[in-house]
C-alpha cells in the first residue's frame, strides 16, 4: 500500500504515455502498411474481377449488346426455318417430277401484281436463261398446277394463276368413268368446268386433273375438286364449279415444267 501511495501519479503518467504510444504505433502501421496493402489488393481485384467495378452505364451497354445478339440469333433461326421449308417444298415437287419423268426449273414467288378478284399476276425469280418459256405450267407440292407462264425475260417470269379468266385448261375427272371439260378461271378465286357432256357422270368431291391435250401441259396435274354442279340451258352440257388447290404463299418455292433442255 505504501508503494501505491507514493508512486500512483507516476504510474498514471506512464500508462498515459504507453497508451499514446500504442495509438501512435497503430495509426502509423495503418497508414504505412495496412492502407497501401488494401489499395494494392483492391486494384488487383478490379483487374482480375472487373465486374466488381462495373458501373450502371456498363451494365446497360452489356444488356443492349445481349439483346442485339439475341435478336440476331432469332433472325438466323427464322431464316434457317424458311430455308428448310423451301427445301421440303422442292423435295416434294422433285419427287413428283421423277415419278412422271418431267423436267423442272425451281423458282420462288417474289411478288404479286393486280387484284385477286380480277387478273392477278405472280412474279418468279427465274426466266429464259433457266429454260422457261411462255405457256409452261407452274406447279406446287405434288403436281398441283397453280398457273401458266404469261411472259418471260432473261432472269424472271410472270405467271397467270389458273383462277384468271385468261387461263384455259382441258381437264378430266380422276374417276373410273372420266368426264372431260374445259377449265377457266372465275373472278380470280374459283374455277369453272364447262362443256361436260350430260351423259358423263360428275359428282361433288371429284378430283379434276389436266388431260394432257394442251401444248406443254402434261396429263395428271391436279387442278381442284368439284364443289357444285349446274345444268346449262342448252340441255347438252353440264357445268361444274371447282375449288382450286391454292396452298402456296407469296414466298413459296414452285417449279416450272419445261421441255427437256
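Of the residues making up the stretch 192-219, just one is under 35 Å from the mean Cα position of the chain (by Cα), over 29 Å from residue 258 (Cβ atoms) and surrounded by 15 or more Cβ atoms within 10 Å (Cβ to Cβ), namely 206.
The strands (runs of 3 or more DSSP E) found entirely in the stretch 97-178 that carry 3 or more residues being at pLDDT 90 or above, crowded, with 17+ Cβ neighbours inside 10 Å and over 27 Å from the mean Cα position of the chain (by Cα) are 168-173.
Here residue 205 clears all of (1) within 23 Å of residue 143 (Cβ to Cβ); (2) outside any loop (DSSP other than H, G, I, E, B); (3) free of Cβ contacts under 8 Å to residues at least 24 places away in the same chain except the condition numbered (2).
The values are calculated or read from the model by the stated rules, or taken from the named source; none is laboratory data. These numbers were taken from a predicted model, which means no experiment stands behind them. Don't worry about glycine lacking a Cβ; one is built from the backbone with ideal geometry, like all the others, and counts go over all protein chains shown.
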